[in-house]
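What follows is one structure encoded as structure tokens, with my remarks underneath.
The values are calculated or read from the model by the stated rules, or taken from the named source; none is laboratory data. Nothing here was measured: the structure is a model prediction, and the numbers come from that model. Cβ atoms come from the backbone with ideal geometry, glycine included; neighbour counts cover every protein chain shown. Just the protein is used for accessible areas: all its heavy atoms, side chains included, with ligands, DNA and RNA removed. Shrake-Rupley method; radii C 1.70, N 1.55, O 1.52, S 1.80 Å.
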Amino acid sequence: MSPSIRFGNAEIRPSERQLLIDGKPAALGSRAFDVLLALVERRERLVRKNELLDLVWPDTVVEENNLQSQVSQLRKLLGQQAIGTIPGRGYRFTATVDES
């Protein structure tokens, strides 16, 4: 079982595929969850758009606006500051993860 990942008032439970906000389950689709988990697991670096598309939609061709839509949903739940955009390049998870 994967350990929980905590930051701010949020907690990700990877093994349960669940995001909690203030201890309550957040309404989050599976693709948005996959985007969040990919960004958090790679938080030490920029994650390029194409890499995220490959991770979240393997073997599927999708429009880039699908990724933007998922990131927008995550920002509504976590706050604008949680995910940074590097225009034309990709995204970076910028919230501070509780390492304790």
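Okay, residues lined up against (1) of a type in the set (A, V, I, L, M); (2) within 11 Å of LEU78 (Cβ to Cβ); (3) in a loop (DSSP other than H, G, I, E, B):
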position	(1), (2), (3)
ARG6	no, no, no
ILE12	yes, yes, no
SER15	no, no, no
LEU20	yes, no, no
ALA27	yes, no, yes
ARG31	no, no, no
VAL35	yes, no, no
LEU39	yes, yes, no
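Just checking, does the range 50-63 include any residue being in a helix (DSSP H, G or I), under 23 Å from GLY8 (Cβ atoms) and open to solvent by less than 90 Å² (accessible area, probe 1.4 Å)? Within the range 50-63 (the criterion being in a helix (DSSP H, G or I), under 23 Å from GLY8 (Cβ atoms) and open to solvent by less than 90 Å² (accessible area, probe 1.4 Å)), the answer is yes, since at least one residue qualifies. Please go through the range 25-44 and pick out each residue that is open to solvent by 30 Å² or more (accessible area, probe 1.4 Å), in contact with a strand residue (DSSP E or B) (Cβ under 7 Å, 6 or more places away or on another chain) and closer than 18 Å to ARG89 by Cα. Answer for the range 25-44, where residues must be open to solvent by 30 Å² or more (accessible area, probe 1.4 Å), in contact with a strand residue (DSSP E or B) (Cβ under 7 Å, 6 or more places away or on another chain) and closer than 18 Å to ARG89 by Cα: just ARG43.
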